[in-house]
Amino acid sequence: MESLSKQYYAYVERLENIVYENIAIKLATFKGFDESLKLSLKNTVRDFPLLYFIVESLQIDCVLTISKLTEKNKGGKTFVEFFNFASSNIKAISKVYPKLTPAVIDANNKSLIEVSQQIERIKKQRDKYYAHSDNEYFLEHNKLLIDFPETYKDMVDIIIELQNIISSHRLIIKGNRIICMSDFAYLNTFKTMELLKEANDEWYKNYRAH
């Protein structure tokens, strides 16, 4: 059976991958593409007709993944369950990683409490619309935007705290912090739109030439 310290290492590594290389990148990409749509809906849709659906899909994916990671129910691989695992096995794990202490777990729990309201708003959207068909929002799609106008900000707040939690354990395991590439992903969305515009203009030029 895999040792508890190896399980701890694998747990941290997987959470790091999900938050840094998945959600953070998707959320930054969502922001960039969403800004392009808001800047010039007509021209953006002309250059990239599928962009509206991609933006919506990115938001849904982030809402569902964040909700899953911050669940409190037992059985899933969530941050709460990670805290429980680390706390329950801290004596064995600390033999390999002595900097893992109850104070670290307490600080982690407080980090989630700091964004508990944001988490509840995200979960409510999941339960009321994205994962289930609540009549209130199914029949009035725009009501979701009215009732939850700060969804992007809420998700950013949550991601920052999740990254802080992961960083505290990466420091324990590896002695360093991971660099988030979300800013590069955000900037790359505008480069992508520029390339698509150039390609689209060239296509229109050749199409009209014939």
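If you take the square roots of the eigenvalues of the alpha-carbon gyration tensor of region 106-198 and sort them as a ≥ b ≥ c, do you get rounded (a/c under 1.5), prolate (a/b over b/c) or oblate?
oblate
State the answer as a single residue: which of TYR20, THR44, ILE60 lies farthest towards the positive end of the charge dipole of region 9-80, with beta carbon charges of +1 for Lys and Arg and -1 for Asp and Glu, about the Cα centre.
Working it through, the farthest residue towards the positive pole turns out to be ILE60.
Identify all aspartates and glutamates with a Cα-Cα distance to LYS191 below 17 Å; exclude those on the same chain that are fewer than 8 residues away in sequence.
ASP34, GLU35, ASP47, ASP183, ASP201, GLU202
Can you flag which of LYS95/LYS174; LYS6/LYS31; LYS38/LYS143; LYS124/LYS174 are past 26 Å Cα-Cα?
LYS6/LYS31; LYS124/LYS174
Across every pair of different alpha-carbon atoms, what Kirkwood hydrodynamic radius in Å does the chain reach?
19.3 Å
Quick one: length gained pulling LEU187 to LEU39 fully straight, 0.36 nm per residue minus the C-alpha distance?
51.8 nm
Between ASN135 and ALA103, what's the calculated FRET efficiency when r is the beta-carbon distance and R0 is 45 Å? Round to 0.05.
Step by step, r from the Cβ atoms, then E = 0.45.
Go through region 139-152 residue by residue and turn each phi into a ³J(HN,Hα) via Karplus (6.51, -1.76, 1.60, θ = phi - 60°); whole Hz please, and just put x for glycine and proline.
Calculated HN-Hα couplings, in order: 7, 10, 4, 5, 4, 4, 5, 6, 6, 10, x, 10, 4, 4 Hz.
Laboratory data are not the source of any read-out in this text; all were calculated from the coordinates shown. These figures come from a predicted structure and were not determined experimentally. Quick reminder, even Gly has a Cβ in these numbers, built from the backbone with ideal geometry, and neighbours come from all protein chains shown.
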